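All remarks here apply to the structure that follows.
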Amino acid sequence: MPAQSTAPSRWSILQNVLFLLFLSCGINLCHANSSPSLHTTPPIDVVIGVDGGTESIRACCFDAQSGQILGKSHAVPYVTSHPHPGWAEQSPTDWYDNMVGAVRRAVESLPSSSTSSSSSSSTSYNIRAICCDTTCCSVVALSQDHTPLRPCLLWMDARSAKQAKQIMDVAYDVIASSSTNTNADILKAFPELRVNCNGEGPISAEWLLPKAMWIKQHEPEVYENAEIICEYQDYLNYRLTGKMVASGCNVAARWHHDGWDVLEKNHESDDDGNKGRPMKLYEALGMKDLADKLPKKTLAMGDVIGTLTEQAASDLNLSKETLVVQGGPDAFVGMIGLGTIRPGQLCLITGSSHLHCLITKQPTSAPGTWGAYRGAPLAHTCFAEGGQSSTGSLVRWVRDLVSGPGDDKFSYQVLDDEAAAIPPGSDGLVALETWQGSRTPHTDPLARGAFAGLTLAHSRAHMFRSILEAVCYGTRACFDALETAASQSSDMPKADEVVIAGGATRSPLWLQLHADITGRSFTINENTDGPLLGCAILASVGAGIHASVDDAVEQMIRRERKIEPREDVRKVYDRLYNELYLKLRPG
């Protein structure tokens, strides 16, 4: 019976075809929940950025290829204590404990494409590496078992102002017998002081050396028992990897080390463990023993430190194979996250303070600037910087002042709208932004702020706008000093564009004032969180996702828009800057 024998054969063929079609669509007809399909989506490579700031520590997951944020960033605040005026301390153990909370929450927020029990297409992630940035010059003294002997001296702690002055006093004493007794003699005796305004000083009380001197002079028992004196960055990486290493960017920018020489010794066979360190300066200051207390090894940003310890992996709920990649100071990692890594590129990182960074071709220096640092932010680069101590913190202070007591504060949007209605120059009211001292172009931790020209006709809107203007005037002064220093290199391109990130980008008025007063274009990236994205870039390079930082920047950073100066307003501010601000500012 031919008809009866052929029909089942055709049906069998049709069944097989349908079954293969289902398989090609990734559907397991028999066991939807027990095994993955034959065509599962490959896992997304993920890197984690950690930003240890002044007020909190944050974590965020990124697509290691594109730099896109995955999930949400999470912040965990910590407490800052102020035992005396000008002092600021934090608990190092809080840094690690709060980082654990931030990372776990960031990982838990990773999105899933499907939560249905009938589908096996849920997105999977392969967390490849983690990289941290931290506040710079937050100095820690650790015992032999690497536990903190005292709270850290936070970056903003100014108790070591006397010790900072002692450094320059000793330097001048050493050259007192010279015929000229100038900063040229200073540089000949102590070339490491070139980064402090070309040897003229002063040295900031924020830096590691004066803080270590303060501990030795005022807490000799702590200093004597300290096996390690290091920074927030080093402590956090130690807790993650069990390895005590310094960041090349930190040591070049804040420890008076030659960044190129310090990194070079990692690849040499000689036993000079102090290559690149300012040993003559240490000896002159009676601090030669500090060299024995600093981390013995230094790694450049983007280098792999190691993998997570068993304890850290358990704390973070991550694989022990997760790489830990070297980061550095929050602001300088932010330079990477803004894509400012080539000579002539200028960035402005805003927050509680302002930091201005210019990549230079050579380690040129000049009065009014810090740097240029050899081997920072990256191993093969140099950069110079300027800084303003109180910017976003000052804006917040004025907001709180005009809001009155209580928790019900004016919104920044309301104050911005009111200030926008005030003409340039705030009807004759001029402010100095140096509430918390002056970094550059005149370094003076004792400088103080002021309002000048107050009248009964001025309102809170005038006060608020004058503070916004004052910060921008100070930014212009810092930019001008940086370019003066960089101009010593004849082939140095002019920096007409500034890449900006941080809190100031949330205020259209303040952004425009920055452009109008400095006379420069300001670029805003799609992702303005430079430090977190910078960590992601460094982590992706350390994990081998991208071949170099340059390649990672090209793939992970996208420009969004520009703010141009308004020519008519720029002219008004140009006159006010030269006729008023420059006559009032410190120095």
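The values are calculated or read from the model by the stated rules, or taken from the named source; none is laboratory data. Nothing here was measured: the structure is a model prediction, and the numbers come from that model. A quick note on method: Cβ atoms are made from the backbone with ideal geometry, for glycine too, and the neighbour counts reach across all protein chains shown. Remember, those area values only see protein heavy atoms, side chains included, never the ligands or the DNA or RNA. Shrake-Rupley method; radii C 1.70, N 1.55, O 1.52, S 1.80 Å.
Apply 1/(1 + (r/R0)^6) to the Cβ-Cβ distance of Asp550 and Trp87, taking R0 = 35 Å, and write down the FRET efficiency to the nearest 0.05. It would help to have the intermediate numbers written out before the result.
Values: r = 42 Å, r/R0 = 1.19.
Calculated value: 0.25.
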Q: Please label the shape of segment 506-587 as rounded, prolate or oblate, based on the square roots a ≥ b ≥ c of the eigenvalues of the alpha-carbon gyration tensor (a/c under 1.5 means rounded; beyond that, a/b larger than b/c means prolate, else oblate).
A: prolate
(Q) Just to verify a number: FRET efficiency for Ser143 and Lys165, C-beta to C-beta distance, R0 = 22 Å, to 0.05? (A) 0.15
Q | Paramagnetic reach from Ala313 in segment 226-246 [backbone N under 19 Å; point 7 Å along Cα→Cβ] | A | 237-244
Q: Just add up the charged neighbours of Val333: K/R +1, D/E -1, any other residue whose Cβ is under 13 Å from the Cβ of Val333.
A: -3
Q: Using a 1.4 Å probe and counting only protein heavy atoms, arrange Lys562, Lys162 so the residue with the most accessible area comes first.
A: Lys162, Lys562
Q: Decide, for segment 435-587, between rounded, prolate and oblate: order the square roots of the alpha carbon gyration tensor eigenvalues as a ≥ b ≥ c, take rounded if a/c falls under 1.5, and otherwise choose prolate if a/b is larger than b/c, else oblate.
A: prolate
(Q) For a quick check of understanding: with a 1.4 angstrom probe and all protein chains in place, what accessible area in square angstrom does His146 have, to the nearest ten? (A) 40
Q: Can you send over the solvent-accessible area of Trp397, 1.4 Å probe, protein chains only, in Å² to the nearest 10?
A: 110
Q. Can you give the calculated 222 nm mean residue ellipticity of the chain, where each DSSP H run of n ≥ 4 adds -39,500 (n - 2.57) and the sum is split over every residue, rounded to the nearest 500 deg cm²/dmol?
A. -11000 deg cm²/dmol
(Q) Taking a cut-off of 37 Å, what percent of all Cα-Cα pairs in the chain are separated by more than that? (A) 37
Q) Looking at segment 262-341, how many pairs of lysines come closer than 25 Å at the Cα, when each pair is eight or more places apart or spans two chains? A) 18
Q: Compute, for Thr455, the solvent-accessible surface of its heavy atoms (probe 1.4 Å) with the complete set of protein chains present, and express it in square angstrom to the nearest 10.
A: 70
Q: May I ask you to rank Val402, Val414, Val333 by accessible area, largest first, using a 1.4 Å probe over the protein chains only?
A: Val414, Val402, Val333
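Go ahead and run the numbers for FRET between Arg460 and Ser109, Cβ-Cβ distance against an R0 of 41 Å, rounding to 0.05.
Rounded to the nearest 0.05, the efficiency is 0.55.
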Q: Just tell me which aspartates and glutamates come within less than 16 Å, Cα to Cα, of Lys494; anything on the same chain fewer than 8 places away is out.
A: Glu385, Asp480, Glu483
Q: May I ask you to evaluate 6.51 cos²θ - 1.76 cosθ + 1.60, the Karplus curve with θ = phi - 60°, for each residue of segment 78-91 and list the ³J(HN,Hα) values in order in whole Hz, giving x for glycine and proline?
A: 10, 8, 10, 9, 10, x, 9, x, x, 9, 8, 9, 9, 8
Q.
For segment 508-572 and segment 292-328, what is the centre-to-centre distance using only Cα atoms, to the nearest Å?
A. 28
